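Reading through the structure tokens given below for one structure.
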Amino acid sequence: MPTGLERYIARRLALAIIVLLAVVTFTFIIARVVPSDPAELYVGPKATAAQRERARIELGLDKPLYSQFVSYLAGLLSGNWGISLRAHTSVLGDILTYLPATLEIIVLANIIAVVIGIPLGVYSAVKKGSWLDQAGRLWAIAGVSIPSFWFALLLQLFFFGRLHILPLEGRLSPGVSLYYPIDPITGFYTIDSLLEGNIVGFVDTLRHLILPAIALATYPVGLITRMTRSMMIEVLRETYIRFAKANGISERLIIFRYALKNAIVPTLTVLGLSFAYSITGAVLIEIIFGWPGLGTYTLNAIIEADYPAILGVTILGAMFYIFINLGLDILQSYMDPRVRLS
Amino acid sequence: MAGVLIILFFAVVAVFAPFLAPYPEEGAGVPNPPNKFLPPSSAHIFGTDYLGRDILSRVILGSQVSLTVAVVVIVLAIIIGTPLGAIAGYLGGGIDELIMRITDIFLSFPSLLLAIMLLATLGPGLTNAMISLSLTWWPWYTRIMRAQAVTLRERSYVEAAKVMGVSSFWILLRHILPNAISPILVQGTMDMSSAILAEAALSFIGLGAQAPSPEWGLMVSTGRIYILNYWWFPAFPGLAIFAIAVAFNLFGDGLREILDPKTRRFIQA
Amino acid sequence: MNSSLATETDLLDVISLKLTFQTVEGTLQALDDVQLQIAPREILGLVGETGSGKSVTALTILKIVPENGRIVQGKIRLHGRDLLQANEDELRKIRGAKISIVFQDPSASLNPVYTIRSQMRDMIMSHEGEVANLEERTSNLLRDVGFVYPERVLNSYPHELSGGMQQRVALAMALSCSPELLIADEPTTALDVVTQAQILALLKRIRDRTGASILLISHNLGVIATACNRVAVMYAGNIVEVGPTTEVFRNPAHHYTLGLLNALPRKSAKGTRLPTITGSIPSLINPPTGCRFHPRCPYATDICIRERPRLDVVRPKHSVACYHPTSENK
């Protein structure tokens, strides 16, 4: 007999797949309903009408819409995500090349956000009403209000322009990529450099990573601080906290074991939101830091109306988002046994 | 609270912008090349941009754009989303499922990506940006409204109205909507802040407001490459975005403290 | 002042406790002049309507006062030592170890995300640090409150247990460090009648076996009559009557007590109205002067309005705070 947890996971997984399918359909329809002619983009402006016609057939644009959709779907599942209209390269290949760069920033940014946000939120809630609490709240509000692109520029101005301690852009300094090149095994420069024992490369990677990650982290930090604080305040009012306190359980234990575990659960939902934000926020950050990641790829694809690429990225983004939320839901139900029933 | 005051300040500035700006024509976009890149001074408090235009004037005029964006996007989103949510929550069953699945699909897209895609279809521009953003935002209000409707439809006064034969439409209008309004208001005010940020981001990418509009995001974008040498160019418009976003968030936060009965405990007498 | 009611052998002695709350509408005079003595090995009932201050008294004994509350005056002596003077560290050692409490809603008293085993261990380890044979001890504690299969309970989460079981777990936790005084605040109100009887029987067994005293708070006279050997009646922040249960119930001296007893539904003639006490609980922001019950009392006179009556002995071991106790009028 599957346990409550397993049943819950199965249900959520099925739901996620259905939603993903709907997203793909929706995106596909939008991409095909658009005015410009994909074939024209494929062959370029100087092509003849005949070449264009050949392109149409090659791209399958002459077939009815539903048949195009079915073949597209089949392609997705088998790893063929189409050909970039502009570059004539595999969309999936391109995406996988650029993805790790973006992921590095996103992951680091969210780690920073959690490491700063949760303790701050807890502290703020426990010392509710004091000036520390006020500071915490203002901090949280500032976090969600800062335009990340503006903050990124300020960081550049300050740490590169004035202090000269951190690099301006890119993933690696030109000197390092020449003399201490990093072999892209996973694409994650942090991991790859460590795998090779390339300490210079590792340090350089971090130096390049830190500013974009901080800029991207502002919104998540605000979100997480705010959420943790309000959840902690609510939980600390609960009867079981009063019961524990009245019967002599230490303040420390109450805050960090009892209250926190209950408060963490909804905070995790916020993390999901934060990841979603990070995906779109990364686009802006990458532009400013000249970061060769998915964000820049997407932007270029949009500007050039490269529909297979746009489709690919959107679907990836949606997949990412859906499965992160699924993961968080499962984590939530693991931590709060009552959720499994609903 | 503080938030209201700041918002009022911006509102006043926006309304009277043409009169408050020291160099209104430059604010609107008329270039003044000899004055290129002047640092902040008493004549130009925020300095001048790459076309010699006074940045303070541009920022003041830009407030009109920002406030318009905030209001239009969110109000539109609420107008679309709330009735859908109310219908879904109140009627339940198949309609509920349908509406909620559509909402889920919309919410599965990272919102800016969806807005970008829509803009790619519609073409860049401020109006299109506002429409796109509304279209990505309405699902949140549907969800909130639906949750409220589901709770409220169990209330006795709703049942009483049903028994008396009041039509569903009236019930929704007079009983459910007014009571569900407060979470929507709170969310709406805070979303105005996010809407401004999102629109600024879109303009930053080039898909939103177009030159010579004094839109703040666009100004940061144009000024981006000058950050190291003429920092005032992108810095001040960005500061304005920050300030107004903070204002809306403070306001929404304060609103929530007042409206939420749970946090409204014994206020110190 | 009323030291005739306090004896050296008292376990807990509440003296002239006065507590206020700051609210939006003004200062709430929650506890006016509460006097309570609890002897060892006894079950003292504290009875009163909602809003009389019973639960507030219970929490104040443990010095758990909400942010807007203030203890204006009073002493709470545990074995002679004033708890209100103790610091937070000393209080923590007393809570759970010398004085424990269980609340009305057992499902809200237990942390939903931890197993019973986890919570009981936390309780014991908070007071005694690392303890050997923890498993055995928790199993025994659960057996003591009536569980036949303690391992199953230990592995469960609170929401997997019934209300009665949850309350028994809460009791087990409260008793885990062998307190001298157990405060039970409406322990049976959220439970069905059958479970209620079980819990009350359990409380008596606990007293008999461990020698602990129990302060049993309830608005239900039946509960008090079943389990308590002494009872204190509370009205609007004051103790108005105290004495042995059978004595007080048979010969109620205060008119409020009399009213409560008369209001118990009885087999009466068909068609006659059920007796009630006229009026309602006074506002505690502007409480009545003198005796707080005077607006509802048919025997109130001038002095009742002017000066609050103090607890005074009227019959052996039976005290009342009234200028015209019912024995006068019998």
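One quarter of the convex hull surface built on the alpha carbon atoms of the range C:232-330 amounts to 6.9 nm², the projected area averaged over directions. Going Cα to Cα from B:K162, which aspartates and glutamates come in below 16 Å? Please leave out same-chain ones fewer than 8 positions away. By straight Cα distance, B:K162 reaches B:E154. The shape of chain C can be summarised by an equivalent ellipsoid whose semi-axes, obtained from the alpha carbon gyration tensor, come to 36, 23, 18 Å from longest to shortest. Per residue of C:106-115, other chain Cβ atoms within 10 Å of the residue Cβ number 6 on average.
Of the DSSP H helices in chain B, those with a Cα length along their own long axis of 18 Å or more and a mean Kyte-Doolittle hydropathy reaching -0.5 comprise B:2-15, B:55-91, B:93-108, B:126-152, B:177-205, B:232-259. When you restrict to C-alpha pairs under 8 Å that are six or more residues apart and normalise by the size of the range B:1-64, the relative contact order lands at 37 percent.
The mean number of Cβ atoms from other chains found within 10 Å of a Cβ in peptide B:115-125 is 4, as a whole number. Among C:113-126, A:140-153, the peptide with the highest mean count of other Cβ atoms within 10 Å heads the list, and the full ranking is A:140-153, C:113-126.
Taken along its principal axes, the alpha carbon cloud of the range A:82-235 reaches lengths of 57, 41, 30 Å, longest axis first. Basic side chains Lys and Arg get +1 at the Cβ, acidic Asp and Glu get -1 at the Cβ, and with that the dipole of the range A:116-218 about its Cα centre reaches some 560 debye. If you count Lys pairs in chain A whose Cα atoms are under 28 Å apart, skipping same-chain pairs closer than 8 places in sequence, the total is 6.
For the range C:1-127, the share of alpha carbon pairs falling in successive 5 Å distance bins from zero is 2, 9, 17, 20, 20, 16, 10, 5, 1, 0 percent. About its Cα centre, chain C has a charge dipole of approximately 940 debye under the convention of +1 per Lys or Arg Cβ and -1 per Asp or Glu Cβ, with nothing else charged. Above 14 Å, the calculated P(r) of the range B:162-244 contains 71 percent of its Cα-Cα pairs. Compactness ratio for the range A:208-335: Cα radius of gyration over 2.2 N^0.38 Å (N = residue count) comes to 1.42. Name the most mobile residue of A:G170, A:G117, A:G75, meaning the one with the largest mean-square fluctuation, in a Gaussian network model of chain A with Cα contacts below 10 Å. With Cα springs under 10 Å in chain A, the top fluctuation among A:G170, A:G117, A:G75 is at A:G75. Translational diffusion coefficient of the protein assembly as shown (Stokes-Einstein, Kirkwood radius from Cα pairs, 20 °C, 1.002 mPa s): 65 µm²/s. Taking Cα centre as origin and charging only the Cβ of basic (Lys, Arg, +1) and acidic (Asp, Glu, -1) residues, the dipole magnitude of the protein assembly as shown rounds to 2740 debye. Can you give the percent of C-alpha pairs in chain A whose distance is more than 36 Å? Within chain A, distances greater than 36 Å cover 36 percent of Cα pairs. Counting only alpha carbon atoms, the long axis of helix A:131-145 and the longest principal axis of chain A meet at about 10°. Note on B:L259 and B:V150: the extension gain reaches 37.3 nm, defined as 0.36 nm multiplied by sequence separation minus the Cα-Cα distance.
Along the axis of the charge dipole computed for the range C:156-275 (Cβ charges of +1 for Lys and Arg, -1 for Asp and Glu, origin at the Cα centre), the listed residues C:T272, C:A174, C:A197 are led at the positive end by C:T272.
For the peptides B:208-219, C:91-102, C:205-216, residues were scored by their other Cβ atoms within 10 Å and the scores averaged per peptide; the highest-first order is B:208-219, C:91-102, C:205-216. Helix A:260-289 and the long axis of chain A differ in direction by around 40°, with both axes built from C-alpha atoms. With viscosity 1.306 mPa s and temperature 10 °C, the Kirkwood radius over alpha carbon pairs of the range C:84-199 converts through Stokes-Einstein to a diffusion coefficient of 109 µm²/s. Take each residue in C:64-71, count the other chain C-beta atoms within 10 Å of its C-beta, and the mean is 2. In the calculated pair-distance distribution of chain B, the portion above 29 angstrom amounts to 43 percent of the Cα-Cα pairs.
Hydrophobic long helices, here whole DSSP H runs in chain C with Kyte-Doolittle means of at least -0.5 and Cα atoms spread over 20 Å or more along the helix axis, are found at C:193-210. Using only the alpha-carbon atoms, how far is helix A:91-126 inclined from the longest principal axis of chain A? Give it as 0 to 90 degrees, nearest 10. Helix A:91-126 sits at roughly 20 degrees to that axis.
Kirkwood radius for the range B:1-111, taken over all pairs of different Cα atoms as the inverse mean of 1/r, rounds to 17.3 Å.
Laboratory data are not the source of any read-out in this text; all were calculated from the coordinates shown. Quick caveat, the model's predicted, so the values are computed rather than measured. Every residue, glycine among them, receives a Cβ derived from its backbone with ideal geometry; neighbour counts consider all protein chains shown.
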